[in-house]
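Everything below concerns the one structure shown next.
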């Protein structure tokens with residue numbers, strides 16, 4: 001590529017800066033960028049790494065992203081009900097057939113793998129508590 005970046009992609013976890021705070025403090029921090037998130041954004045900007053500004057969230061108390069749900073009020077962090085129902089629906093579809101297409105199996109395994117990946121950031125976060 002001779003030093004040029006014609007096409008490349010990057011995936012960064014959405015929940016990289018989880019913090020525990022009393023509800024009053026959490027409400028005051030809502031919308032403010034965390035230290036780690038700020039450093040990431042500065043680094044990406046300095047290296048011309050593209051980022052979708054519309055998809056970024058900063059210190060939000062309740063959010064659903066990529067099939068994960070974070071509810072800082074009730075304390076829930078896991079796959080969303082919508083994603084769980086999608087996985088169940090596709091699984092029932094597969095079980096009801098003698099044969100299914102490779103595409104259907106790829107979709108199902110992708111959704112399941114993505115749901116299982118939630119454990120990594122969740123356990124990392126719990127380890128720090």
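The values are calculated or read from the model by the stated rules, or taken from the named source; none is laboratory data. The structure displayed is predicted, hence computed values, not measured ones. Here the Cβ positions follow ideal geometry from the backbone for every residue, glycine too, while neighbour counts run over all protein chains shown.
Yes or no, residue by residue, for (1) at pLDDT below 75; (2) touching a strand residue (DSSP E or B) at 6+ places or on another chain (Cβ under 6 Å):
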position: 21; (1), (2): no, no
position: 30; (1), (2): no, no
position: 41; (1), (2): no, no
position: 51; (1), (2): yes, no
position: 62; (1), (2): no, yes
position: 71; (1), (2): no, yes
- Would you mind telling me which numbered condition in (1) modelled with pLDDT under 80; (2) touching a helix residue (DSSP H, G or I) at 6+ places or on another chain (Cβ under 8 Å); (3) within 26 Å of residue 116 (Cβ to Cβ) residue 105 fails? (1)
- Task: Would you mind telling me which numbered condition in (1) at pLDDT 80 or above; (2) on the phi < 0 side of the Ramachandran plot residue 77 fails?
- Result: (1)
- On the given criteria, is residue 20 out of contact with any helix residue (DSSP H, G or I) (no Cβ under 9 Å at 6 or more places or on another chain) and exposed (fewer than 14 other Cβ atoms within 10 Å of the Cβ)? no
- Task: Just one of (1) assigned to a strand (DSSP E or B); (2) over 13 Å from the mean Cα position of the chain (by Cα) trips up residue 87, so point out which.
- Result: (1)
- Message: Let me spell it out: the conditions are (1) exposed (fewer than 13 other Cβ atoms within 10 Å of the Cβ); (2) touching a helix residue (DSSP H, G or I) at 6+ places or on another chain (Cβ under 6 Å), and residue 87 meets all of them except one. Which number is the exception?
- Response: (1)
- Task: Tell me, please, whether a residue that is buried (at least 16 other Cβ atoms within 10 Å of the Cβ) and under 13 Å from the mean Cα position of the chain (by Cα) can be found in the range 46-58.
- Result: no
